Amino acid sequence: MGNSFFTPLSWNDTGFILTGVLNTVTISLVAIIVGTLLGLAVGFIRAEANRFTNILLGGVLDALRSVPLIIQLILFSTYVGAIGHPLDPFVTGSIVLSLYSMAFMSEVFRGGFESVHHSMATAARSLGMSYWQTVAYIRLPIGLRAVFPSWLGVALSVIKDSALVSVIGYMELLRTSEQLISRTQQPLEILIGVGLFYFIVSYPLSLYGRYIERKMAI
């Protein structure tokens, strides 16, 4: 008699599933774009800053990288709610996921900036380029080209880590699948579908990253 509460998967669930897919893609893109821009700025600052500034920034970034993302999501969501300013799960998830990705991307970009030999910047300055022209036309293009495969690896991790935003109530793919599992009692089919989605998104990007890496090594 209890089985009457469960209903099998049907085409009527397609819209619900697509909502989860769209929400996953949306929050992943926001986190990757914002994390990239912030990481680029912080990575440049760390490459140029003195020891004291690097120690301060490094401490904050180490904390963001070291504390599990799921704990950061819960703590941030709880804190903003406790001070009387609860945020929409999408906003909360975007902020935390963006800062988390920024912490990793900043190290990637820092390595890229530091990989440009000092003599190249010196040569550019001797040709009459200003400091910012040297950054824009020499250090930035060369540095970004060198770190693209690493950046892509971080971006792929962000896509997969976006599933953790479900703990604060955001209706991404994992949370929608959990609700479908509770209603249908068909966990195997649903979780295989979720896994295929992440594979279809991640695998081609991973192949492209390896292709770029091999091309750069030639």
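The values are calculated or read from the model by the stated rules, or taken from the named source; none is laboratory data. Predicted model, so just to flag it, every value in this text is computed and none were measured. Positions of Cβ are generated from backbone atoms using ideal geometry, with glycine treated the same way; all protein chains shown enter the neighbour counts.
Table for the structure above
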| item | result |
| --- | --- |
| Residues being of a type in the set (A, V, I, L, M, F, W, C) and either buried (at least 23 other Cβ atoms within 10 Å of the Cβ) or closer than 20 Å to Trp151 by Cβ (or both) - total across the range 16-34 | 8 |
| Pairs where the first residue, in the range 131-149, is on the phi < 0 side of the Ramachandran plot and touching a residue at least 60 places away in the same chain (Cβ under 8 Å) and the second is part of a helix (DSSP H, G or I) and buried (at least 16 other Cβ atoms within 10 Å of the Cβ), C-beta under 7 Å, 6+ apart | Ala146/Gly112; Pro149/Gly209 |
| Boolean, Met105 is part of a loop (DSSP other than H, G, I, E, B) and surrounded by 16 or more Cβ atoms within 10 Å (Cβ to Cβ) | no |
| So Glu172, is it among the acidic types (Asp, Glu), surrounded by 17 or more Cβ atoms within 10 Å (Cβ to Cβ) and either touching a strand residue (DSSP E or B) at 6+ places or on another chain (Cβ under 8 Å) or on the phi < 0 side of the Ramachandran plot (or both) | yes |
| Top-ranked residue in the range 108-134 [being outside any helix (DSSP H, G or I) and surrounded by 14 or more Cβ atoms within 10 Å (Cβ to Cβ); ranked as nearest to the chain's Cα centre (by Cα)] | Val116 |
| Unique residue being assigned to a helix (DSSP H, G or I), modelled with pLDDT under 85 and crowded, with 20+ Cβ neighbours inside 10 Å when the list is Gly209, Gly143 | Gly143 |
| Helices (runs of 4 or more DSSP H) completely within the range 1-90 that count 2 or more residues being without any contact (Cβ under 8 Å) to a residue 60 or more places away in the chain and of a type in the set (Phe, Trp, Tyr) | 69-82 |
| Pairs, first in contact (Cβ under 8 Å) with a residue 24 or more places away in the chain and under 22 Å from Ser10 (Cα atoms) in the range 189-203, second basic (Lys, Arg) and part of a helix (DSSP H, G or I), C-beta under 9 Å, six or more apart | Tyr198/Lys160 |
| Filtered residue count, the range 135-148, keeping only those that are among the small types (Gly, Ala, Ser) and over 21 Å from the mean Cα position of the chain (by Cα) | 1 |
